[in-house]
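Comments concern the structure below.
Read-outs throughout are calculated quantities, based only on the coordinates presented, and are distinct from any laboratory measurement. Given the structure is predicted, the values throughout are model-derived calculations rather than measurements. Ideal geometry is used to build each Cβ from the backbone, glycine not excepted, and the neighbour counts take in all protein chains shown.
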Amino acid sequence: MEVARLQQLDEYLSQGPASHCRDDIWARLCCQQALLALESGSYGVGAVIVDRSNELVCVAHNSVFSPGYQSGKHAEMEVLNILEQDFSHLKRHDLTLYVSLEPCLMCTGRILLSGIGQVRYLAKDKAGGFATHMHLLPPAWKNLASQLIVEHAKVDRFWSDLALTMVEEQSDQMRKKVVSAWQASVDERL
Ligand SMILES: [Zn+2]
């Protein structure tokens with residue numbers, strides 16, 4: 001991704017409004033993580049886990065293209081890996097996972113298995129989000145889902161718009177990179 005565009009996004013991010021909605025502080029951190037993901041050539045999605053006292057536990061971002069193509073490295077998967085490895089003493093149900101984009105099918109399954117109590121996302125993923133399709137789960141999973149609260153984060157519009165902008169950055173290019181990886185063809189131009 002072009003350095004000039006990354007700088008532009010960085011600049012824009014730094015101009016974000018002062019925190020005035022409940023989740024603004026975590027929205028800013030999710031967007032900072034999303035920018036790091038873009039800088040490393042992956043999808044611009046960031047995630048944060050917060051404890052019941054509203055203190056930060058850990059952060060992560062999408063890393064599917066760093067290095068190579070690793071399909072499981074969505075932001076939510078990465079932040080849950082850190083949680084399970086380094087913070088196993090924390091009661092999962094007390095934790096809230098913030099993510100810049102509505103979780104996909106894979107991440108929704110992982111979130112349910114992790115025992116996390118709450119998920120708040122910044123931007124809706126109209127095409128691929130699963131958080132708004134929980135009613136489609138099989139019975140055992142639906143049972144797990146009954147313990148989970150998923151909602152749109154309460155944030156200034158600036159943050160949800162920025163979250164969407166960042167995930168849409170170079171989406172065609174990203175898709176090409178995935179297809180190229182599936183075909184096991186290395187194309188250095190991508
Ligand atoms: Zn995902």
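Quick rundown of the values:
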item	result
Failed condition for Ala34, given (1) surrounded by fewer than 24 Cβ atoms within 10 Å (Cβ to Cβ); (2) away from the ligand (no atom under 12 Å from the Cβ)	(1)
Among residues of the stretch 47-95, those that are of a type in the set (Val, Ile, Thr), under 14 Å from Ser114 (Cβ atoms) and under 12 Å from the mean Cα position of the chain (by Cα), counted	2
Candidate set: the stretch 1-46, residues that are of a type in the set (D, E, K, R), closer than 26 Å to Val178 by Cβ and not in a loop (DSSP other than H, G, I, E, B); chosen: the one nearest to the chain's Cα centre (by Cα)	Glu39
Unique residue being crowded, with 17+ Cβ neighbours inside 10 Å and of a type in the set (Asp, Glu) when the list is Asp24, Asp10, Asp51	Asp24
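Each row is one residue, and each column tells you yes or no for (1) farther than 18 Å from Ile25 by Cβ; (2) of a type in the set (Val, Ile, Thr); (3) in contact with a Ser or Thr (Cβ under 9 Å, 6 or more places away or on another chain).
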position: Gly41; (1), (2), (3): yes, no, yes
position: Asn54; (1), (2), (3): no, no, yes
position: Cys58; (1), (2), (3): no, no, no
position: His61; (1), (2), (3): no, no, yes
position: Ser88; (1), (2), (3): yes, no, no
position: Cys104; (1), (2), (3): yes, no, no
position: Thr108; (1), (2), (3): yes, yes, no
position: Tyr121; (1), (2), (3): no, no, yes
position: Ala140; (1), (2), (3): yes, no, no
